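*Asks:* After the structure tokens below, expect a handful of questions from me.
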Amino acid sequence: MALAVGTSIAAIPSSLSKSSLGAAAHKSRSNRSLTFLPVRASSDNGRRTPGGGDGISSVLDQTKKEITREDVLKNQAENESEKKSVFGAVPSSGALWPRPEIERRPETGDRSFASLMAFDGAGPETINGRLAMVGILWAFAVERMTGQTVAEQLYTPGNFGLFNFLAVAQLFAYASLVPMFKGESPDSRSLGPFRAMAERWNGRTAMLGFLALVLTEFFTKTPVFHMM
């Protein structure tokens, strides 16, 4: 016979005879009082990893890459693309744009909304790229099913395309900004081929592709994906 205590099992000594246990039970009934011992099941169910966390936390921890101030300063000093902007301007401290990497990164710089969503902040390209990837996939699926162009999906009376777009845009913007407010840029997470650089290139390609899709449909008045 065993008594459950917390998450462990405490064995009752075998020296206690059935008669003594019966007497104890009779005495408890005579006092008309019951004692309930809470039993708490272990939450890991034996699935804890050697590292001490559960399976999901362990996988998420493996995707985290620590970006230190020293790493940023080293890259800022050695990377030629960090010494001047794409328009030739030299980053200067305290400027609205372009700012040195140490000031614009969520890990080492200002994490305010204005800073993250500035022209050289971590937010705009990340959010726009993700929305473009979702948008071009969405346009492909809906055009194949309905034969409507992107403009028709958004503005035709009775369609909820514009409402759906605004809802998805807010969701993706929120989900993208929350880690940045906590000091994580997209560069601080990677899992196999899912890296920040791959996401940026995919996002840039999707933005160009979505723009080309909208312009083509505007001039031809024909859904591109429906013709495929």
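The values are calculated or read from the model by the stated rules, or taken from the named source; none is laboratory data. Note that this is a predicted model, so its numbers are computed, not measured. We place every Cβ from the backbone using ideal geometry, glycine too, and count neighbours over all the protein chains shown. For accessibility, only protein heavy atoms count, side chains too; no ligands or nucleic acids. Shrake-Rupley method; radii C 1.70, N 1.55, O 1.52, S 1.80 Å.
*Asks:* Karplus couplings for the stretch 85-97 from phi (6.51 cos²θ - 1.76 cosθ + 1.60, θ = phi - 60°), rounded to Hz, Gly and Pro as x?
*Replies:* 7, 5, 9, x, 6, 8, x, 9, 5, x, 6, 5, 5
*Asks:* How big is the stretch 118-181 in terms of Cα radius of gyration and Dmax, in angstroms?
*Replies:* 13.7, 41
*Asks:* Something else: If you count only protein heavy atoms and use a 1.4 Å probe, how large is the accessible surface of Glu152, to the nearest 10 Å²?
*Replies:* 80
*Asks:* Could you give the nm distance between label points at Ala196 and Arg69, where each point is 7 Å from its Cα heading toward the beta carbon?
*Replies:* It is 1.8 nm.
*Asks:* Where the centroid of each part is defined by its Cα atoms, how far is the stretch 126-146 from the stretch 86-105 in Å?
*Replies:* That distance is 32 Å.
*Asks:* Which ³J(HN,Hα) values in Hz, rounded to whole numbers, follow from the phi angles of the stretch 204-215 under the Karplus curve 6.51 cos²θ - 1.76 cosθ + 1.60, where θ = phi - 60° and Gly and Pro get x?
*Replies:* My calculation for the stretch 204-215 gives 5, 4, 5, 5, 5, x, 5, 4, 5, 4, 5, 5 Hz in order.
*Asks:* Would you work out the charge dipole size for the stretch 107-228 about its Cα centre, treating the Cβ of every Lys and Arg as +1 and the Cβ of every Asp and Glu as -1, and quote it to the nearest 20 debye?
*Replies:* Dipole about the Cα centre, nearest 20: 200 debye.
*Asks:* Show which aspartates and glutamates lie in cross-link reach of Lys65 when reach means a straight Cα distance below 15 angstrom and same-chain residues fewer than eight apart are skipped.
*Replies:* Glu107, Glu184, Asp187
*Asks:* Let me ask you something else. Which distance in nm do the two modelled labels at Phe219 and Thr146 give, with both placed 7 Å along the Cα-to-Cβ direction?
*Replies:* According to this spin-label approximation, the distance is 2.6 nm.
*Asks:* Semi-axes of the stretch 44-175's equivalent ellipsoid from the Cα gyration tensor, sqrt of 5 times each eigenvalue, largest first, rounded to whole Å?
*Replies:* After diagonalising the Cα gyration tensor, the semi-axes are 35, 28, 13 Å.
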